[in-house]
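Working notes, structure below.
Readers should treat all values here as calculations from the given coordinates under stated rules, not as data from a laboratory. The structure presented is a predicted model; accordingly, all values stated were derived computationally and were not measured. Note that each Cβ is placed from the backbone with ideal geometry, even for glycine, and that neighbours are counted across all protein chains shown.
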């Protein structure tokens, strides 16, 4: 079974997991990494613990920010760990799609690309969406 | 000064604020709404409290999920409250851009559209990004 890791600066990863599980229910194949929340706990060792615990499963890691320190730490691991799939840009529509579609989609690349496409389409400036809907309604 | 509201199912809104402020520092113009975390606390009254407290400032509200109950609740308010700008799809690159560029960008529509565009570009499947970068490097 694929394993998911949500990783972020601060408590973001734990918070978005809470929102996700309120919507789709509890899942046992999710781990979270909250970096920089506890003095003396190194990000590298948090990552190592998750990697060891999830062997030999495929890992889909979603981090908070491309170019951020948490994502960079995982970038260093992708080349030598072909079981790691790394996505930057934690958000809720992405997680809902990834986790729920994971049960039926066998191709991990296709799963990720579809979920990213849907998530980007779902992010929107709603005032503009409402104006467009209203204008279309008036055309009829 | 523009006010920001992060609103979500569960503790996601509070968690992403924590990540944001670890990166850009504490801000006084951010409120969070965490729905369904306390029994007997209605989402409608959480929203009302924020609306009253932030009069007469312009409000940029970012919710967790287009089509979700938190976003729907705000959709009902946009038409009658021209000071509300509603965005669906909380994520960290979006918030960093919105909050930091808000100090210099006077046009709210332009601020939101630029931040959304940048955030979508920043969300990516990093394995693919690395493959492309490697292929480009090999072309030289």
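Here are a few things to note about the model shown:
- Residue-normalised convex hull volume from the C-alpha trace of the protein assembly as shown: 172 Å³ per residue.
- For region A:62-89 and region B:78-140, distance of Cα centres in Å: 19 Å
- Residue-averaged 222 nm ellipticity for the protein assembly as shown, from DSSP H runs of 4+ at -39500 (n - 2.57), nearest 500: -16500 deg cm²/dmol
- Copies compared at residue A:37 - label distances in nm, ascending, label defined 7 Å from Cα in the Cβ direction: 1.1
- Each other copy holds its own label point for residue B:100; taking that point as 7 Å from Cα along Cα to Cβ, the gaps run 3.4 nm, nearest first.
- On Cα atoms only, tilt of B:108-122 relative to the major axis of chain B in degrees: 40 degrees
- Peptide-level mean, for A:78-88, of C-beta atoms on other protein chains within 10 Å: 3
- Rounded tilt (10° steps) of B:69-78 against the dominant C-alpha axis of chain B: 70 degrees
- Residue order, fewest to most surrounding Cβ atoms within 10 angstrom, among B:103, A:139: A:139, B:103
- Simple spin-label estimate for residue A:52 and residue A:1 gives 2.3 nm between the two label positions (7 Å along the Cα-to-Cβ direction from each Cα).
- For the axis carrying chain A to chain B: nearest C-beta residue of A, whole Å: A:15, 1
- Among the residues of A:111-124, the average count of other protein chain beta-carbon atoms within 10 Å of the residue beta-carbon is 4.
- Sequence of B:16, A:33 once ranked by neighbouring C-beta atoms within 10 Å, starting from the fewest: A:33, B:16
- Normalised contact order of chain A, rounded percent, pairs of Cα under 8 Å and 6 or more residues apart: 23 percent
- Peptide B:91-97, shielding by other chains (average Cβ, 10 Å cutoff): 6
- For chain A, the longest principal axis of the C-alpha atoms and the axis of helix A:12-24 are separated by about 60°.
- Prolate/oblate/rounded call for region A:3-138, Cα gyration tensor, a/c under 1.5 rounded: prolate
- Neighbour-count ranking [beta-carbon atoms within 10 angstrom, fewest first] of A:99, A:37: A:37, A:99
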